[in-house]
Each structure stands twice: as C-alpha cells, then as structure tokens.
Amino acid sequence: MLTYNVPTLFLDAYEDTKLIVRSDDVNRLVASLSNAHADRIVTIQARSLAADPEALLKAPRTVPVDVVVGEPGAEYENIYRYSEVARKHPVRVSVRVFPGFGKVVKLAASLNFPVKLEIGELDRDLAAEIVESLDYYLHSSTLGQPIEFFHSVLLGFYHNHPLTLWQVMEEDPAELRFVTDEGKLVLSERLAAVEPGADPSTYIDELRGELLAEKGECSLCRFFKNCGGYFRAADRKFRCDDVKRIFQTLRNAAKELKHDYAQLVTSEERPRA
Amino acid sequence: MTIQSINLLVKPTLACNARCLYCHSLKPTNNLSIPLLEHLLEKLAAFTNGHNIANVSMNWHGGEPMLMGSGFYETVMELEKRFFPHTQIRHTMQSNVCLYTGETRETLLKLMHARIIGACLDPFHPTRLTAQGTDSFPQSLKGTLALLRDGFFIGMIYVVHKKSLEVVEDLYYFFKNLGVPSILFHPLEEFGNPDYHLTPQDYGEFLKRLWDVWEEDDYEFNVSPLAEWRRFLRSGQPCSSCEYGAPSRESPHIVVSPEGDLYPCHRFQDKRIHCMGNIGDLTFEEILSHPWAHLLSDSKENLCSECAECEYVSLCRSGCVATHDRSGKTFWCEGLKKIFEYVKSKESFGDADVQCSHAVPGCI
C-alpha cells in the first residue's frame, strides 16, 4: 500500500492509503489522531520547533513523530522539548542540510534521537559539512542512534546488500508520494518540480534506464547501486565528486568493520593458553 | 548409465534481426516447422517417460529465437501439455532481447516459468548492429530492462574484442550497474577485422585487467569465467562451465538445428561439423549412443599430452572443445596461461589460502 505525505488539511482526501500527516502546528497533528482515518496514520511530522510539543503527550494514541528542523536560525534548541515527548512516542529528528546543520545533528544525536539528513541542493560547503557529520557518525564513541543516510548505506556495504538513496531517504515513489500544501501530488518534496510521468511508481526504474542508456558517469559509477541516480534526478549536471567521497568513506568503514569482526571471531575461536 | 536430466538446445531459426559484425549464424535456412517440432517433442517425451527422467530443459537459441513470434511458442506450450502431462519442461532462451515486447513478451512469460534467459550487449562499441546498420544497443538495453522488471534472471554475455581492452573497468561497472546477476566475458573468435581481432595474448591481458577491477570491488559481481576459477582456487570446487569444467554424461546436451539435424554443441552446428543425424531418423536412445553424443565430456577425459601435463589443467581442462587445434589444445591457451599465472601470483592466493581438494588431476 502506498504512503502519502499530506498536510493535515487533506487528511480525508486520500482513502485506502497509509498517511504521514504534517503540520507546523502540533495541536493540529494531535487532532488528526482523533480523525476517522487516524488508524491509517503511520507517522506525524512536526514541521516547526516554535510550538510547545507538550500536546503530543495527550495524543489519543502512540505514533512515530518526525520532527523536521528546516532552516538556519530556527530555534533548534527546542529539540530538547521532544525528550519528554519521546516517553510516549518514538521521535526522529529530520535535519535539512543548510549551513551550520551539523550543530543540530550533534544536538539531536546527543539527546539520543535517531537523525535523518534531508538533502536538497548540495554545494561544496554543504558537502564538507556532511563529511564532518559523517566523521561524527563513524567515530563518536557516545552515539547511540543511527544517522541516516549514513547508517543504511554503511549496513548496505557491510552486508553487500545495497539500498539506494531513494529507499534510504524515503523518496521511492513506488512506496511514498508527497502532496504539496496546495494539494498537488508530486514525486517527493525535493522533486516537486520534476514531471512524474504517467505512472510515478516506475519513475526510478525509468530514470535508471535513461542513465544507463546515456552511458555516462552514472552507468560507470561504482556507487550507482547505492545511489540510483538520486542526485541526477533533480539536476542531470550534478557533480558527484563529493557524494562519491562520502560513499567511499562509508565503504572503507564497512570493510574495516568486517575485517575487525573477522579478527575478533578468529581470536575468540583460538584456544586460550 | 542413468540419465538424470536432458538438455536440448533448439535453434528454431538461424534468421536474425541483428547483424553482429562477427556472427557465424546468419545463413539462409528454413525455420523449424511445426510438424518437426511435434516430432521432436513426441520423441523426447517417449524417451524421458521410458527412462523416468523428470528434468527436461529446452534452451531456445538461434539465430534469434524471438523472431519465431508468440504463435510458435504458444504451439510449444500446447504440445508440451499433450506430450508431457506430468513433467514441466524448463524453457530458457538465448536472445538479443530486442524483440521482448508485446505479444512475444506475454507468451514468453507463460512459457518460461524459471525466468532464465541469456542476453548479449556491447555498450561501448558498435559490434552488434540492427539490420539497418545502426547500433542495436538501445533496443537490447530496453529489452534487458524489461526482462529485469519481469523478474528474469539474465545471464549476460559480452563478446570480448580488441577494443574491449580500452574499457575494461567501464565494462565491469556498466554490467554491474545494469543489475544483471552475472556476466560472461566470452572471447571473439575467428574474426579478421584488425580493429576487433583478438589474439590469445589480448584475451589474457583483458582478463588480467578485469581481475584487478573485480578484486578492487571485493569480487562482488558474478564474473565468468573468473568466478569459477576463483571458487576452484579457494575451495576446490570444480569449474562448472562446459569450457572449463567436465560436462556430465548423466546430463546430456543435444543441439537441434531448424532442419532437425543433431549436434553435441551449438558451436559445431555453427560450423556444420560433428552432425550426428536427424531427429526424423533417430530415437533419443540412438542419438545418445552415437560416438559424438558425449564428445564434450570425452574430450575432457582424454586430454592431449601437453594439456594433461600442464600445471593449469584443473582450471582449464583444455577449454572449449570447439576452439581446439589439431593437437587438442585450445586456441586461447597462451592467454589463459597468462591469466592463470597472474592469479596464482596474487597475494590472496598464497599457499596458505589455496585449499585445493585435489578432486581432479593436476590440481595446482
């Protein structure tokens, strides 16, 4: 069954689907959980940190909460308030990649929230900040929760079973669609301007075919199976060098982890003196 | 001898919608007629029933087998129902897949339960042309992607030529990214065009470069023939292909031409040598008792003295029989020795790592 990410306003418009309901207003999100369609809501998405999330503690049922930290200068310290909410609902913090986003990642991670990066347009400076967050993810001894997309990509390399960024970033139109605030159905929030085609569920497959037919950088890239043309969907001229470096770092980390694990197993199997 | 399974490679036509530069196949011929098809299946059913053989496979080859159209394969299914009420034939196909669309696609989805097909692509050089002389790559790619969407296991084949040496890494990642589960790098033979002509030394060099790319990628992709050699070197598991392994007498392989002529290997059918007779005249018992019926396994059991004494015999077993010279050595011998020497010298295959079972003679 498809999942639609809808504003609370359109909650009743999508029947027979699972729903992610979003709003800037926490009270509206709580009210949506009393709606006749509430049993189809799989996640509520709080799009502003301004409001006090206390109302979520009085919600009629437990549901995963995705807190989106969206812009520079937002009062991201308010993430603290969700520590209390996490006693009732599983909470994840989705951090949009903007200059200085790394501080939000560290704060959310230090509060033991799972984190997901939301990547829009990516320039060299932002890529450098992603690399800093990656370093934190790979080497922080206190980190207790995943930071996506790093975590799933790392596991993909470790188990030799890659997921594409489309899946990791929850943007696969075969599974999830986005409804804009104006009610327009689009591929995803990031790809709102991209024409979805007659059947959005085949969009990624068709994109993949186009990229292979071009016989260009994607078709020859060693990380195409991990990426799936995620960045080229929005911009066919996107320069992938930084993204490839991130993938390479994760690949090396997975190899190191495998090696260390194999050594550990070997040392444990060795008879003790 | 008990027959465990029987594999027919049937060429219903030698006609083709493609004009690959190096192809042997495009020769005027009739298509396999329905009466002859019926005769073939009736005789096959009598044989398999009489010997309790449950595993029957038919590999539709050519020419281009999809040129036969949906009607032909609908008839195959009808005849199968009539003659094999208790056995399901495993249908596979070797095709350029350009015609995998519309009714043909619908019919093949019904026919090919196992969803196994062999396809062929050259992404970087125009060696595989359409009848109009354009590169067939776009059509073949489209067909390949459609087959993958339909859940087919595609055994991809790439024909290695001289120019392939310039694009080894690109070839590896292109096929890996395409999403096919395996790729076979098959050397181009007997092709005079100097731009594409491949020598045994070239082939050895290509395989060495390919090994480096594959190793750097942690051997993630199933690359033939490298993977079967690596499996053997690491675990002693004998090579499984008819080229480098030992074909089993218990699972005979018979090739049927559009006229019903019978051969032990499709390469011999291409060259019109070692024809064992015609399905119109022989029963399967007679075919399998023909001296050439087990030519492939016989040749692997009776190696020439040079091969028998070669330190790499367990990896090669004299290679493809159709490429043997008069002495019984494969045309590719020098190139194969080059890659075997290289692989043996790799650090990861030091003495401590090689766990050879010595199950076959001459194990290195």
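Averaged across B:122-130, how many Cβ atoms of other chains sit within 10 Å of each residue's Cβ atom?
1
Quick one: which residues, 5 or more positions from B:Ile116 or on another chain, have an amide H under 5 Å from its amide H? H modelled 1.01 Å from N in the peptide plane, none for Pro or chain starts.
Sorted by chain and number, the residues that satisfy this are B:Phe153.
For peptide A:126-139, what's the mean number of Cβ atoms from other chains within 10 Å of each residue's Cβ?
Averaged over the peptide's residues, the number is 0.
Using the charge dipole of segment B:67-156 (Lys, Arg: +1 at Cβ; Asp, Glu: -1 at Cβ; taken about the Cα centre), state which of B:Ser136, B:Gly69, B:Gln88 has its Cα farthest towards the positive end.
Value: B:Gln88.
Work out from phi, with θ = phi - 60° and the Karplus expression 6.51 cos²θ - 1.76 cosθ + 1.60, the ³J(HN,Hα) of each residue of segment A:43-48, listed in order in whole Hz, and give x for Gly and Pro.
7, 10, 10, 8, 9, 9
For a quick check: with amide H placed at 1.01 Å from N, whose amide H comes under 5 Å from A:Tyr4's, ignoring anything fewer than 5 positions away on the same chain?
A:Lys18, A:Leu19, A:Ile20, A:Arg177
Name the residues of segment A:20-45 whose amide N is less than 16 Å from a point 7 angstrom out from the Cα of A:Glu75 along the C-beta direction?
Counting only backbone N, you get A:24-27.
Residue by residue through segment B:283-300, which ³J(HN,Hα) values in whole Hz follow from phi under the Karplus form 6.51 cos²θ - 1.76 cosθ + 1.60 (θ = phi - 60°), with glycine and proline marked x?
With the stated coefficients, segment B:283-300 comes to 8, 5, 4, 5, 4, 6, 9, 5, x, 8, 4, 10, 4, 5, 5, 4, 5, 7 Hz.
Mind checking which lysines have their Cα closer than 18 Å to the Cα of A:Lys255? Skip sequence neighbours fewer than 8 apart in that chain.
A:Lys225, A:Lys244
Under 19 Å Cα-Cα from B:Lys300, which aspartates and glutamates qualify once same-chain neighbours fewer than 8 residues away are excluded?
Within the straight-line limit of under 19 Å, B:Lys300 reaches these aspartates and glutamates: B:Glu228, B:Glu243, B:Glu250, B:Glu309, B:Glu311, B:Asp325, B:Glu334.
Let's see if you can work this out: charge +1 on each Lys and Arg Cβ, -1 on each Asp and Glu Cβ, no other charges. What is the dipole magnitude of chain B about its Cα centre, in debye to the nearest 20? Could the numbers behind the result be given before it?
Numbers: 33 positive and 45 negative charges, 106 e Å.
So the dipole magnitude of chain B works out to roughly 500 debye.
What list of ³J(HN,Hα) couplings, whole Hz, do you get for segment B:228-234 from phi and the Karplus terms 6.51, -1.76, 1.60, once you set θ to phi - 60° and write x for glycine and proline?
Computed from phi, the couplings for segment B:228-234 are 6, 5, 5, 4, 5, 5, 7 Hz.
Charges only on Cβ, +1 for Lys and Arg, -1 for Asp and Glu: so what's the dipole of chain A about the Cα centre, in debye to the nearest 20?
The calculated dipole for chain A is roughly 820 debye.
Going by how many other Cβ atoms sit within 10 Å of their own, how do B:Lys338, A:Lys215 line up, fewest first?
Details: B:Lys338 20, A:Lys215 15.
Listing B:Lys338, A:Lys215 from fewest to most nearby Cβ atoms yields A:Lys215, B:Lys338.
By the gyration tensor of its Cα atoms, with a ≥ b ≥ c the square roots of the eigenvalues, what is the shape of segment B:122-166: rounded for a/c under 1.5, prolate for a/b over b/c, or oblate? Don't jump to the answer; show the numbers that get you there.
On the way: a/c = 3.01, a/b = 1.43, b/c = 2.10.
Here segment B:122-166 falls in the oblate category.
For A:Arg222, which sequence-distant residues (separation of 5 or more, or a different chain) have an amide H within less than 5 Å of its own amide H, given hydrogens modelled in the peptide plane?
Amide H neighbours of A:Arg222: none.
Provide the packing ranking of B:300-310, A:167-177, i.e. peptides ordered by the mean count of other C-beta atoms within 10 Å per residue, highest first.
In decreasing order of mean packing, B:300-310, A:167-177 become A:167-177, B:300-310.
Putting +1 on Lys and Arg Cβ atoms and -1 on Asp and Glu Cβ atoms, find which of A:Phe157, A:Asn35, A:Gln45 reaches farthest to the positive end of the dipole of chain A.
After comparing all options, I get A:Phe157.
Taking segment B:11-58, how much of its Cα-Cα pair set, in percent, is spaced more than 15 angstrom apart?
Tail of the P(r) past 15 Å holds 60 percent of the pairs.
Ranking A:Thr43, B:Thr283, B:Thr87 by Cβ neighbours within 10 Å, fewest first, what do you get?
B:Thr283, B:Thr87, A:Thr43
Roughly what would the spin-label model give for A:Ser267 and B:Lys81, points 7 Å off Cα along C-beta, in nm?
Reported label-point gap for A:Ser267 and B:Lys81 is 6.6 nm.
Within 10 Å of each Cβ in B:321-334, how many Cβ atoms from other chains are there, averaged over the peptide?
Working: counts 0, 0, 0, 0, 0, 0, 0, 0, 0, 0, 0, 0, 0, 0.
Partner Cβ neighbours, averaged per residue: 0.
Suppose a student asked you for the relative contact order of segment A:1-61, using Cα pairs under 8 Å spaced at least 6 residues apart; what percent would you report?
Details: 96 pairs, mean separation 19.7, N = 61.
Result for segment A:1-61 is 32 percent.
Once the dipole of segment B:260-306 is set up with Lys and Arg at +1 and Asp and Glu at -1 on Cβ about the Cα centre, which of B:Leu295, B:Gln269, B:Gly280 lies farthest towards its positive end?
The listed residue farthest towards the positive side: B:Gln269.
Given the options B:Asp122, B:Asp261, B:Asp150, which has the most mean-square fluctuation in a GNM of chain B, springs set between C-alpha atoms less than 10 angstrom apart?
B:Asp150
Provide, for segment B:136-291, the number of lysine pairs with alpha carbons under 26 Å apart, each pair being eight or more places apart or on different chains.
So the count works out to 9.
Residue separation times 0.36 nm, minus the C-alpha to C-alpha distance between B:Lys163 and B:Lys271: what's the value? Write down the numbers at each step before the final one.
Values: separation 108, 0.36 × 108 = 38.88 nm, distance 2.57 nm.
Contour length minus the Cα-Cα distance gives 36.3 nm.
What aspartates and glutamates does A:Lys103 reach when the alpha-carbon gap must be under 16 Å and sequence neighbours fewer than 8 apart in one chain are set aside?
Once the sequence-local aspartates and glutamates are set aside, what remains near A:Lys103 is A:Glu71, A:Glu75, A:Glu77, A:Glu118, A:Asp125, A:Glu129, A:Glu132, A:Asp135, A:Glu148.
Every read-out reported here was derived from the displayed coordinates using simple, explicitly stated rules and does not represent laboratory data. Keep in mind it's a predicted model, so treat the numbers as computed, not measured. Don't worry about glycine lacking a Cβ; one is built from the backbone with ideal geometry, like all the others, and counts go over all protein chains shown.
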